[in-house]
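K.L.:
Provided herewith is a single structure, encoded as C-alpha cells, for subsequent inquiry.
The values are calculated or read from the model by the stated rules, or taken from the named source; none is laboratory data. Owing to the predicted nature of the structure, the values given are computational and were not obtained by experimental measurement. Please note: Cβ atoms are built from the backbone with ideal geometry, for glycine as well, and neighbour counts cover all protein chains shown. Calculation scope for accessible area: heavy atoms of the full protein, side chains included, ligands and nucleic acids excluded. Shrake-Rupley method; radii C 1.70, N 1.55, O 1.52, S 1.80 Å.
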Amino acid sequence: MKEGLKESAVNADRQVISSQGKRELVEDGAGAQRSSIPRYVTLLFAVACGMSVANIYFAQPLLDNLSSEFGIDHSMIGILITITQIFYALGLLLLVPLGDLLNQRRLIIGQMLLSVIALVIVGTASTSVALFAGMALVGLLAVVTQTIVAFAATMAAPAERGRVVGIVTSGIVIGILLARTFAGVVTDLADWRSVYLLSAVCMLLTVGVFFKVLPNVEREVRNLSYPQLLKSVFVLFAQERVLRIRAVLALLIFADFSILWTSLVLPLSAPPLSLSHTAIGAFGLAGVAGALAAARAGKLADRGYGQKTTGIALILLFVSWFFISYTEQSLFALVIGIVLLDLAVQAVHVTNQSMILVLRPEARSRLTAGYMVFYSIGSAAGSIAATHIYAHFGWKGVCLLGASVSALAFIFWAVTKRATGND
C-alpha cells in the first residue's frame with residue numbers, strides 16, 4: 001500500500017494518544033460529512049500563509065544592509081536567520097500543537113495580532129539586541145502558517161484534501177520567494193525598516209478579514225493537558241514511520257533551499273554583478289514559477305504517486321545546482337536553476353504534508369508541528385552553513401554544498417523507499 005493512502009483511518013470519532021500511551025476518544029471537529037471548502041477561503045488561507053511566513057524571510061536580501069547598519073560581520077550575519085529559524089522551531093513545538101486543543105479560529109487570530117507587534121519591534125529597532133529580539137519573536141509567531149494548514153486540512157473533504165493542502169502550501173512557498181522581491185523593492189524605494197512596518201499593516205488588515213471569514217469550529221478533547229499534548233508529539237514520532245521519514249526529507253530539502261536563498265544575495269550584490277536590491281529580489285519571481293508548477297503534487301500523493309513524485313523531484317533538485325553554479329557567468333542559468341530547485345522543493349514538501357496529514361486526522365496540528373520542526377532545523381543549518389562556506393570558499397563552495405545535500409536527500413529517499421517496499 002502506498003504511504004499516502006491512509007485515508008481509511010478517517011472516521012467520525014477519533015482517538016488521540018495521551019502521555020501514558022492510552023487512546024482517548026475525541027470528536028473530529030471537521031466532521032466526516034463536510035463536502036468542500038469554498039475556493040475563496042482556500043485562496044485566503046494561502047495568501048495569509050504567504051504573508052505570515054514571508055516575515056521571517058524579508059531579512060535574507062537585506063543582510064548586507066543589516067550588516068552595515070548594526071556592525072555585524074558578513075560571515076556572522078547569517079546568525080540572524082538562524083536565530084529566527086530556531087525560534088520558529090520553538091513555536092512549532094510549543095504553539096502549533098495547541099491547534100488540536102484550542103479553538104483554532106481564536107488561536108490563528110491571536111497569533112497574527114502578536115505578529116503585528118513583533119514586526120513593529122523589528123521595524124523600529126535601534127540596536128542589534130532589539131533587532132535580534134524582534135526577529136526571534138517574528139520567527140516564534142510565524143508558525144501561525146502551520147496552524148492554518150492544519151485547519152484547512154481539517155475543513156477539507158477527504159477527496160479534496162490533497163488539492164487544498166497543495167494550494168495552501170503553495171501560498172507558503174510563494175510567500176517565502178516573494179518576500180525577497182517585496183523586501184528588495186521596498187528597500188530601494190524607502191528603506192529596510194519600511195519592509196517590516198508595511199508588513200505589520202498588511203497583517204493587521206488580514207486579521208480583520210479572518211475575524212469575519214474564519215468559521216468557529218469547537219472540538220472536544222478529553223483528559224489531555226498541555227504537557228500531555230506536547231508529549232504526544234514525540235509519541236507520534238515513535239509510532240509513525242512515515243512521519244519520521246518525511247521529516248528527515250523536509251530537513252534536507254529545506255537545508256538546500258536555505259543554502260541557496262540565504263547566500264544568493266552575496267554574489268549578486270558584489271562585483272562584478274553589483275545588482276540592486278530590486279533586481280536581487282526579482283529572482284524570487286523565478287522561484288514562484290517553480291512553486292506553481294508543483295502545486296499538483298498533493299493530488300499525485302492522494303492517487304498513490306507520492307514516492308515517484310518525490311524521487312523525480314529530488315533528481316531535479318540535484319540537477320538544479322549545476323545551473324546555479326554558473327551564476328557569476330550567466331544569470332539565465334541561475335534562473336533555470338532557481339525554477340528547478342523551487343519546483344523540486346515544493347513538490348517534495350506538498351507530497352510530504354499530504355502523506356502525513358492523513359495518518360492521524362485528530363492530531364493534524366501535532367503532526368504538522370513535528371514535521372515542521374525538522375523543516376526549521378534544516379533551514380537554520382542551511383543558512384549558517386551557506387554564509388560560512390561562502391566566506392571561505394566562495395560561490396563554488398556553496399554550490400558544492402547544495403549539490404551534496406541534494407544527493408544525500410536522494411540516497412535517503414531511495415534507501416527508505418526500498419526498506420518500506422513502496423512503489
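K.L.:
Mind ranking Phe332, Phe45 by accessible surface for me, highest first, 1.4 Å probe? All intermediate terms of the calculation are to be shown ahead of the outcome.
P.N.:
On the way: Phe332 150, Phe45 0 Å².
Ranked from most to least accessible, the order is Phe332, Phe45.
K.L.:
Can you tell which of Leu236, Leu343, Leu273 shows the greatest fluctuation in a Gaussian network model of the chain with Cα springs below 10 Å?
P.N.:
Among Leu236, Leu343, Leu273, the largest GNM mean-square fluctuation belongs to Leu273.
K.L.:
Evaluate E = 1/(1 + (r/R0)^6) for Ser194 and Ser330, where r is the Cβ-Cβ distance and R0 equals 30 Å; express this FRET efficiency to the nearest 0.05.
P.N.:
On the way: r = 33 Å, r/R0 = 1.09.
E(calc), rounded to 0.05, equals 0.35.
K.L.:
Let me ask you something else. What fraction, in whole percent, of alpha-carbon pairs in region 91-226 exceed 24 Å separation?
P.N.:
36
K.L.:
Using only the alpha-carbon atoms of region 331-423 as identical scatterers, what base-10 log of I(q)/I(0) does the Debye formula give at q = 0.16, 0.22, 0.24 Å⁻¹?
P.N.:
Those come out to -0.88, -1.30, -1.37, one per q.
K.L.:
Taking the Cβ-Cβ separation of Thr127 and His392 as r and a Förster radius of 41 Å, what is the calculated FRET efficiency to the nearest 0.05? Let's see the in-between values first.
P.N.:
Values: r = 29 Å, r/R0 = 0.71.
According to the calculation, E is roughly 0.90.
K.L.:
Okay, next question. Assuming a ≥ b ≥ c are the square roots of the Cα gyration tensor eigenvalues, decide whether region 33-124 counts as rounded (a/c under 1.5), prolate (otherwise, with a/b larger than b/c) or oblate.
P.N.:
Details: a/c = 2.66, a/b = 2.11, b/c = 1.26.
Note, shape of region 33-124 comes out prolate.
K.L.:
I'd like to know how region 215-355 sits against the 2.2 N^0.38 Å rule of thumb: what's its Cα Rg over that expected value? Before the final figure, lay out each step's value.
P.N.:
Details: Rg = 19.2 Å, N = 141, 2.2 N^0.38 = 14.4 Å.
Output field value: 1.33.
K.L.:
If you stretched the chain out fully between Lys308 and Val209, how much longer would it get, using 0.36 nm times the residue separation minus the C-alpha to C-alpha distance? Walk me through the numbers before you get to the answer.
P.N.:
Details: separation 99, 0.36 × 99 = 35.64 nm, distance 3.90 nm.
Taking 0.36 nm per residue and subtracting the Cα distance, the gain is 31.7 nm.
K.L.:
May I ask you to evaluate 6.51 cos²θ - 1.76 cosθ + 1.60, the Karplus curve with θ = phi - 60°, for each residue of region 399-415 and list the ³J(HN,Hα) values in order in whole Hz, giving x for glycine and proline?
P.N.:
Running phi through 6.51 cos²θ - 1.76 cosθ + 1.60 with θ = phi - 60° gives 5, 5, 4, x, 5, 5, 5, 4, 4, 4, 5, 5, 4, 4, 4, 5, 5 Hz.
K.L.:
Ratio of Rg to Rh for the chain, alpha carbon only, Kirkwood?
P.N.:
On the way: Rg = 20.5 Å, Rh = 21.3 Å.
My calculation puts Rg/Rh at 0.96.
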